[in-house]
Amino acid sequence: MIKKKIENGKLVDDKISIKIIKKIISEKDCKNGYILDGFPRTFMQVKNMFNKNIKINCIIEIITNKKTILERISGRLVHEKSGRVYHKIFFPPKIKNKDNITGEKLKTRKDDKKKIVEKRFKEYEQEIKKIRKYFINKTLNKKIYYKINGNLEKNIISKNISKIIKKYI
């Protein structure tokens, strides 16, 4: 059910998402901390996180423009069996559309098609305003909400994220 929703560019129901996150972060390997990538995505998920006492130490929002997001996502190529990810421009396979290790065909995920990415981006723009406001108001007494420039080189973005995370380790 979740896979089908994602492939059609729809968001997974907030209650299901929270239930999955709550289960995952209660497991042993999250005992010393965890990173939620791309979550929460909706205002209701944010409210549910606080209602379910999911602990948040910091929030990092990577800011970039729609054109860059479309270019990055719509250029992804995936080797389904292993999960290896390539990119048509930024990390192309050695042989066009073939996995570097197995030589098997790479695919574009259904939810990475331009039309679906544009739909998701529109939904994101509506939700992120409410999410920012909520986190900034909720955490007024301590700085835990960070914005970083996502238009920089990958290694610089990674260093900027690492600097922030190290404050909480």
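The values are calculated or read from the model by the stated rules, or taken from the named source; none is laboratory data. Keep in mind it's a predicted model, so treat the numbers as computed, not measured. Methodologically, a virtual Cβ is constructed for each residue, glycine included, from the backbone with ideal geometry; neighbour enumeration extends over all protein chains shown. These area figures cover heavy atoms from the full protein model, side chains too; ligands, DNA and RNA do not enter into them. Shrake-Rupley method; radii C 1.70, N 1.55, O 1.52, S 1.80 Å.
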Quick one: of K122/K166; K47/K129; K5/K94; K5/K113; K114/K166; K55/K133, which pairs are farther than 25 Å apart, Cα to Cα?
K122/K166; K5/K94; K114/K166
Residue separation between I136 and E123 times 0.36 nm, minus their alpha-carbon distance, gives in nm 2.6 nm
Can you give me the solvent accessible area of D37 with a 1.4 Å probe, rounded to the nearest 10 Å²?
140 Å²
If I compute solvent accessible area with a 1.4 Å probe over the protein chains, what percent of it on the stretch 1-84 is carbon and sulfur?
53 percent
Report, ordered by chain and residue number, the aspartates and glutamates lying within cross-link reach of K143, taken as a straight Cα distance under 17 Å and ignoring same-chain residues fewer than 8 apart.
E61
Accessible area (Å², per residue) of the chain, counting only protein heavy atoms and a probe of 1.4 Å:
73 Å²
Chymotrypsin sites (Phe, Trp or Tyr not before Pro), loop per DSSP, at most 11 other Cβ atoms within 10 Å - longest free stretch of the chain:
1-89
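With +1 on each Lys and Arg Cβ and -1 on each Asp and Glu Cβ, how big is the dipole of the chain about its Cα centre, in debye rounded to the nearest 20? Walk me through the intermediate numbers first.
Numbers: 47 positive and 18 negative charges, 36 e Å.
Using Cβ point charges on Lys, Arg, Asp and Glu, the chain gives about 180 debye.
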